[in-house]
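Heads up, the thing below is written out as structure tokens.
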Amino acid sequence: MPGLTAPAATPAEGGQYPLSEEDFAALARFIHQRTGIFLPPAKRVLMQTRLSKRLRARRLDGFRAYRKLIEDGRDEAEVGHMISALTTNVTRFRREPHHFDHLSAKVLPDLVARARQGKRVRLWSAGCATGEEPYSLAFTVLKACPEAATLDIRILATDLDPEALRIAEAGVYREDALAPLSPEDRRQHFTPARDDRSQARVTGPSRDLIRFRRLNLIEAWPFTGGFDVIMCRNVVIYFDPETQDRLWRRFASHQRRTGDHLYIGHSESLSPTARQLYRAVDGTGYIRTAVPAEATDGPAAPHQ
Ligand SMILES: C[S@@+](CC[C@H](N)C(=O)[O-])C[C@H]1O[C@@H](n2cnc3c(N)ncnc32)[C@H](O)[C@@H]1O
């Protein structure tokens, strides 16, 4: 097997393989180029723990062989597994509930009025992980506009990690994960899962509102239309500052109406350049400003 010239590394106790600084740096560089995720040296143990499983699955004898497999460029499936293993998908329903409250009180009344006049309304959950965020958006929209699924309102939900997206599309969650939702939302949008009563499945119009798609935020975006609301929370925190800045400016280029909204995570902040394109409204909520030539409804994005 190629790549076994390095001394064979046997897994230590707990099934972990030794990961040298050099192999860590090479794999971290690869991940950064592919995803924008920046793994500083302090993340070596995290990488070792999460990828040792992949070494076992591939029956490799050490990280040098794994690195060769990845760098060879012939095993995209393994690259996908590595990315899934190294992304952090932690999320929950109505995470940072003030964003959903702000959306209900200040943003949706106007957007719903626009949709009821036949206009196009688009929301984007960028880095949606296992789906709790876009479903929370959908429940919030449906509360403001029960007929939303019959209007031109859609929520695009994207993530890099296909395994997280599979869970999102299945829409099946443990009952206790529904705790942040109101009893009304739970009743209205979930039914007990058929095969396991401790789980609940999202049903009804919220599913019609959301389109799940795999999208790497640092690659090309296959849409041209604008977004009235973008929620990108707890994603860029893993990126280096230049990648963050580029992403904020790309979001701004897809928010073409003064007053479009961007929500980011509580431990994230806009770059100085992006701060000239948005105005803070509520801690980590922002309004698009300084739109040069006010666009009307741009061309539709393909998911819509
Ligand atoms: C911690 S979760 C955040 C989930 C949700 N937005 C929230 O705040 O609860 C971060 C997500 O960002 C995704 N992600 C990381 N890098 C990405 C990239 N380059 N493109 C798209 N998604 C990415 C990960 O796969 C992960 O699901």
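Here are some notes:
- Helix-only mean residue ellipticity at 222 nm for the chain, each DSSP H run of n ≥ 4 adding -39500 (n - 2.57), per residue, nearest 500: -11000 deg cm²/dmol
- By other beta-carbon atoms within 10 Å, ranking 100, 38 with the fewest at the front produces 38, 100.
- Principal-axis tilt of helix 132-144 within the chain, Cα atoms, nearest 10 degrees: 10 degrees
- Separation in nanometres of the label points that stand 7 Å from Cα toward Cβ, at residue 77 and residue 42: 3.7 nm
- Each label point was placed 7 Å from the Cα along the Cα-to-Cβ direction; for residue 197 and residue 49 their separation is 3.6 nm.
- Within the chain, DSSP assigns beta bridges of which about 40% are antiparallel (rounded to the nearest 5).
- Taking the chain as the region of interest, the number of lysine pairs whose Cα atoms are within less than 23 Å, with members eight or more places apart or on different chains, is 6.
- Burial ranking of peptide ranges 78-85, 149-156, 174-181 (average Cβ count within 10 Å, highest at the top): 149-156, 78-85, 174-181
- Per-residue extension of 0.36 nm, minus the Cα-Cα distance of residue 257 and residue 208, leaves a gain of 15.1 nm for this segment.
- Each peptide in 190-199, 24-33 receives the mean, over its residues, of other Cβ atoms within 10 Å, and ordering these scores from highest gives 24-33, 190-199.
- Stretched out straight at 0.36 nm per residue, the stretch from residue 282 to residue 113 would grow longer than its current Cα-Cα span by 58.6 nm.
- In this simple spin-label model, placing a label point 7 Å from the Cα along the Cα-to-Cβ direction at both residue 166 and residue 56 gives a separation of 1.9 nm.
- Computed over the chain: relative contact order in percent, which uses C-alpha pairs under 8 Å that are six or more apart: 15 percent
- The mean of 1/r over all pairs of different alpha-carbon atoms in the chain, once inverted, gives a Kirkwood hydrodynamic radius of 20.9 Å.
Quick note: the coordinates plus some simple rules give every number you see, no bench work behind them. Since we're looking at a predicted model, the values are computed, not measured. Positions of Cβ are generated from backbone atoms using ideal geometry, with glycine treated the same way; all protein chains shown enter the neighbour counts.
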